[in-house]
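The values are calculated or read from the model by the stated rules, or taken from the named source; none is laboratory data. None of these values were measured; they are calculated from a predicted model. All Cβ positions, glycine included, derive from the backbone under ideal geometry; neighbour counts span all protein chains shown.
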Amino acid sequence: MGEMLIYDLERHRAHCLNPAAAVVFKHCDGTRSVEDLAALLERELGAPADPDCVWLALDRLGKARLLRQRVRRPKEAGRLSRRELVRRAGVAVLLPAVTSLVAPTSAEAAASCVNDCTGKPFGTPCYSVSPVNCEFNGCLCNGAGACTVGGGAPPCTS
């Protein structure tokens, strides 16, 4: 299984799940144990996996609000850091990752360009000098208050 992209219509957020997080998300239906999910993770990705990888995935998915309810790791299960998991597993590909970003609503995306990106979500068309041909200049709000080329560095000047 490869990466998975999920769009949250309620919160207007896009989430990219790496293969490990995608496997856990796909099979996390409330009927499988953490050990079952670890076995599926190992089978689908072809590398050793253990329950700690699944717990990390569940924690990341919960923080991104991609689960119906947040799953809490039992206290007796202990907690491993991401670094300790890499050291133990030796395979960073199995470490689940969820990357999230705010997406503009359809109204925001259709809106004309802005010259101030303060409070505007990533991807809002913008300009910093002249609004002429704003939709063609490739400048987007970067989600941190700046108008930049393609939503990244460098700053837009036209």
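Observations, loosely collected:
- Qualifying residue in region 111-126 (condition: exposed (fewer than 12 other Cβ atoms within 10 Å of the Cβ), at pLDDT 80 or above and assigned by TED's automatic domain parsing to the domain that holds His12): no
- Of the criteria (1) modelled with pLDDT of 85 or more; (2) in a loop (DSSP other than H, G, I, E, B), which one His15 fails: (2)
- Here the condition is being out of contact with any Lys or Arg (no Cβ under 8 Å at 6 or more places or on another chain) and at pLDDT 80 or above; of Lys26, Lys75, it holds for Lys26 alone.
- Residue pairs whose Cβ atoms lie under 8 Å apart, sitting 6 or more positions apart in sequence or on different chains, and linking a residue in region 135-158 that is at pLDDT below 65 to a partner that is not in a loop (DSSP other than H, G, I, E, B), are Glu135/Pro125; Gly151/Leu140; Gly151/Cys141; Ser158/Cys139.
- Filter result for Glu42 (more than 15 Å from the chain's Cα centre (by Cα) and closer than 14 Å to Leu101 by Cα): no
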